[in-house]
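Heads up: the structure comes next, in structure tokens.
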Amino acid sequence: MKSLSATAAVLSVALASLANVSDLSATDSGKSASTIDRLYRVDCGHSLANDESVWTPGENKGKSIEFSSTCYLIQHGADYLMWDTGVPESTIGDPKGWSTLPSLIVYHLDRTISSQLAAIGLKPADVDYVLVSHTHGDHIGNIGLFPDATVVVQQAEYQWINSPPPSDPNLNTLVTLARKLLGQPRRLELVTGDIDLFRDGSVKLISTPGHTPGSQSLMVHLPKSGYVILSGDVAHLEDNFERDIVPALNVDKSESVASMDRIKKIMAEYDAQLFINHDKHQADQLKLLPDYYD
Ligand SMILES: [Zn+2]
């Protein structure tokens with residue numbers, strides 16, 4: 001398959017503290033008979049923003065909007081993977097919520113990831129990989145729960161957060177948090193482009209820059225449900241995805257549109273469904289752990 005080309009390269013982080021970094025080389029098996037076993041949606045919070053037009057420029061000025069925050073747990077044989085880690089667990093029970101952009105959006109968390117994993121007999125230490133869509137705080141807020149997992153981030157994203165501090169104080173807050181949280185894992189794997197994680201076509205990272213420089217999406221292959229793409233923040237709302245609408249906060253508008261178009265092509269090629277992380281209307285209709293897709 002052409003769109004998931006075998007051009008990706010892997011750069012392991014050259015830090016003395018990192019050990020046992022696995023070799024995530026990019027191979028492309030195209031459509032595959034191999035599948036993951038289960039896909040669980042994990043409730044990773046929700047948020048209220050006071051101006052929808054930030055996500056839908058030119059429309060919905062001053063209208064409030066509620067977003068979901070969704071993580072996923074993937075079972076692949078004996079391996080467990082988390083896709084994103086959600087709003088920080090310290091937010092739980094705080095009526096004021098948590099935010100890195102408090103004048104615009106506030107996040108809340110009703111239940112911890114740990115308690116949701118416990119509901120199916122797992123603990124955070126059972127998670128082998130944490131795949132990071134991008135480094136915004138509502139996606140990496142609980143990386144600290146998985147200190148021994150291999151954390152997989154795009155090289156471009158890691159470079160971005162480790163560039164000199166931006167002059168925008170809002171961005172500075174985000175970047176400082178991301179640097180702190182991504183400093184925690186013992187095994188950090190930096191990847192470039194698309195990655196076929198197990199070289200069997202069942203779990204594929206798809207590079208979708210635009211929201212941030214190293215944003216990525218994830219496609220999994222299930223025995224009954226077929227191919228499912230987990231959006232990351234390639235789009236926030238189904239309508240945005242359908243109409244190529246780019247949020248004002250995205251770092252690159254044309255890359256954002258190109259990434260949405262790329263996902264559309266892959267959806268057509270693989271007959272894949274798209275689960276959009278922050279689209280609360282859609283997320284509320286999806287199965288939630290302990291229920292799962294298989
Ligand atoms: Zn997000």
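The values are calculated or read from the model by the stated rules, or taken from the named source; none is laboratory data. The structure presented is a predicted model; accordingly, all values stated were derived computationally and were not measured. Please note: Cβ atoms are built from the backbone with ideal geometry, for glycine as well, and neighbour counts cover all protein chains shown. Areas reflect the complete protein model, heavy atoms only, side chains present, ligands, DNA and RNA absent. Shrake-Rupley method; radii C 1.70, N 1.55, O 1.52, S 1.80 Å.
Scanning segment 162-172 for residues that are touching a residue at least 12 places away in the same chain (Cβ under 8 Å) and either touching a Cys at 6+ places or on another chain (Cβ under 8 Å) or within 15 Å of the ligand (Cβ to nearest atom) (or both) turns up just one, Asn170.
Yes/no matrix, rows are residues, columns are (1) over 21 Å from Ala78 (Cβ atoms); (2) open to solvent by 10 Å² or more (accessible area, probe 1.4 Å):
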residue: Gln155; (1), (2): yes, yes
residue: Arg179; (1), (2): yes, yes
residue: Lys224; (1), (2): no, yes
residue: Gly232; (1), (2): yes, no
residue: Glu242; (1), (2): yes, yes
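So is Ile140 open to solvent by less than 30 Å² (accessible area, probe 1.4 Å), of a type in the set (Val, Ile, Thr) and within 14 Å of the ligand (Cβ to nearest atom) or not? Yes; evaluated as a whole, the condition is true for this residue.
Within segment 258-277, can you find the residues that are open to solvent by less than 40 Å² (accessible area, probe 1.4 Å) and either within 16 Å of the ligand (Cβ to nearest atom) or not hydroxyl-bearing (Ser, Thr, Tyr) (or both)?
Ser259, Met260, Ile263, Ile266, Ala272, Leu274, Phe275, Ile276, Asn277
Residues in segment 72-87 that are in contact with a helix residue (DSSP H, G or I) (Cβ under 7 Å, 6 or more places away or on another chain), within 16 Å of the ligand (Cβ to nearest atom) and at negative phi: Thr85, Val87. Only one of the numbered conditions (1) within 16 Å of the ligand (Cβ to nearest atom); (2) outside any loop (DSSP other than H, G, I, E, B) is not met by Ser114, and that is (1).
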